[in-house]
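The numbers here are math on the coordinates, done by the rules we state, and not lab data. Remember, predicted model here, so these are calculated numbers, not experimental data. Cβ coordinates were reconstructed from backbone atoms using ideal geometry, including for glycine residues, and neighbour counts include every protein chain displayed.
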Amino acid sequence: MSADGHTLRAGIVATCRAMNACGLNQGTSGNLSVRHGGGLLITPSSLPYEAMEPADIVALDPSGSFAAAPGRRPSSEWRFHRDILRARPDVAVVLHCHSVHATALACQHRAIPAFHYMVAVAGGHDIRCAPYATFGTQALSQVAVAALDGRRACLLGQHGMIALGATLDAALALAVEVEALARIYLAALVLGEPPVLPGDEIDRVLEQMRKMGYGAAPNDAGAAG
């Protein structure tokens, strides 16, 4: 294993453990991939993150063939990881989690509208919710790729959330931000449907974020100010 490959694998393991530590995942839910060479490195199926080691990370090529430690297979969601990275040369990391508040909205097939200006951190005027499709299928991959068109995050109907990033830290920070937005949105809904910021204002926010390089580094995940 190359030194670079080992560093990436160790980074994947550390990020997975951070997902559980900050409450984005529970148990063995969720998965994570990083672009590497002509393919990707991805978390193995059904292995608790606390037991995961760099050698357990699976190398996957674009055809779906893989190289793994004995007894390891790629996450069942490898198709959407492969297809998102293929469709999005601007990102290097795909993070999938089952965070509670984002998943609650996904169970109602509710997108997150621009009720708060930070919704723009995902790259557009809303955070879409993809239709439901069975986990691990090409159908799920197709709806995920479509929901992420022009976005860096989406919800998956009755399933969870996907966040993208140029780095592991950036993808994790975005997932934390989307989960926070989902929590705030659910709280606001208790008082009724919140007002939505107009499109021209979100365009201004997007331009401000672009000028600031907003979302490019982990410390950009909090509110602007």
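A few notes on this one:
- Protection-proxy order for peptides 157-170, 26-39, each taking the mean of Cβ atoms within 10 Å per residue, highest first: 157-170, 26-39
- Over all pairs of different C-alpha atoms in the chain, the reciprocal of the mean inverse distance, the Kirkwood hydrodynamic radius, equals 17.5 Å.
- Placing unit charges on the Cβ atoms only, positive for Lys and Arg and negative for Asp and Glu, gives the chain a dipole magnitude near 360 debye about its Cα centre.
- Selected from 28, 55, 96, residue furthest toward positive end of dipole (the range 3-220; charges at beta carbon): 55
- The tail of the calculated P(r) for the range 111-225 beyond 25 Å holds 20 percent of all Cα-Cα pairs.
- Distant-in-sequence amide H partners of residue 25 (H built 1.01 Å from N, under 5 Å): 20
- Volume of the convex hull of the range 41-168 (Cα atoms only), normalised per residue: 111 Å³.
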